[in-house]
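One structure is given here, and the rest of the page talks about it.
The values are calculated or read from the model by the stated rules, or taken from the named source; none is laboratory data. For clarity, every value in this text was computed on a predicted model and none was experimentally measured. Cβ atoms come from the backbone with ideal geometry, glycine included; neighbour counts cover every protein chain shown. Protein only, heavy atoms only, side chains kept; ligands, DNA and RNA dropped before computing areas. Shrake-Rupley method; radii C 1.70, N 1.55, O 1.52, S 1.80 Å.
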Amino acid sequence: QVQLVESGGGLVQAGGSLRLSCAASGSIFSINAMGWYRQAPGKQRELVAAITSGGSTNYADSVKGRFTISRDNAKNTVYLQMNSLKPEDTAVYYCNAEVKVVVTTTLKEYDYWGQGTQVTVSS
């Protein structure tokens, strides 16, 4: 069993900053990519940023230059530093991780999700 626990959401004024954290715990063999997604009311969930175990990153065009994703592999934790926040960044932010676990004698990879954390940016 693997759990992802997010923290750091909240209410901030436009132009402000927030830092999200997501810690993975449980029977983890290794973690490949980790990422942050968001879902605004009435919209589909979308990728915000992702990072591989080697540190390669990928960002949605809408957040490039404002958000920074990073990870601490020793702590199985991924972070999202969000600067220059805009009202359109308001959404529930979800952490995702591609986790390898041992099932009997076999390594299998599964996608895990956090419970979501609300980010609200006021104008």
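Key figures for this structure:
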read-out: Relative contact order of segment 16-123, pairs being alpha-carbon contacts under 8 Å that are 6 or more residues apart, as %; value: 32
read-out: Protein accessible area in segment 1-87, 1.4 Å probe - carbon and sulfur %; value: 46
read-out: Loop chymotrypsin sites (Phe, Trp or Tyr not before Pro), segment 28-88 (other Cβ atoms within 10 Å of the site Cβ: 14 or fewer; DSSP); value: PHE29
read-out: Length gained when the stretch SER62-GLN39 is fully extended (0.36 nm per residue, less Cα-Cα span); value: 6.9 nm
read-out: Protein-only accessible surface order, largest first, of SER30, SER56 at 1.4 Å; value: SER56, SER30
read-out: With DNA, RNA and ligands ignored, accessible area of THR68 (1.4 Å probe; Å², nearest 10); value: 80
read-out: Per-pair calculated FRET efficiency, R0 = 30 Å: LYS108 and GLU46 via Cβ, rounded to 0.05; value: 0.65
read-out: Proximal lysines to LYS108, defined as alpha-carbon separation beneath 22 angstrom and excluding residues fewer than eight positions away on the same chain; value: LYS75, LYS100
read-out: For segment 23-37, Karplus couplings with θ = phi - 60° (6.51, -1.76, 1.60), whole Hz, Gly/Pro x; value: 10, 9, 9, x, 7, 9, 8, 7, 10, 7, 6, 10, x, 10, 10
read-out: Longest site-free stretch - the chain; sites: trypsin sites (Lys or Arg not before Pro), DSSP loop, at most 16 other Cβ within 10 Å; value: 67-123
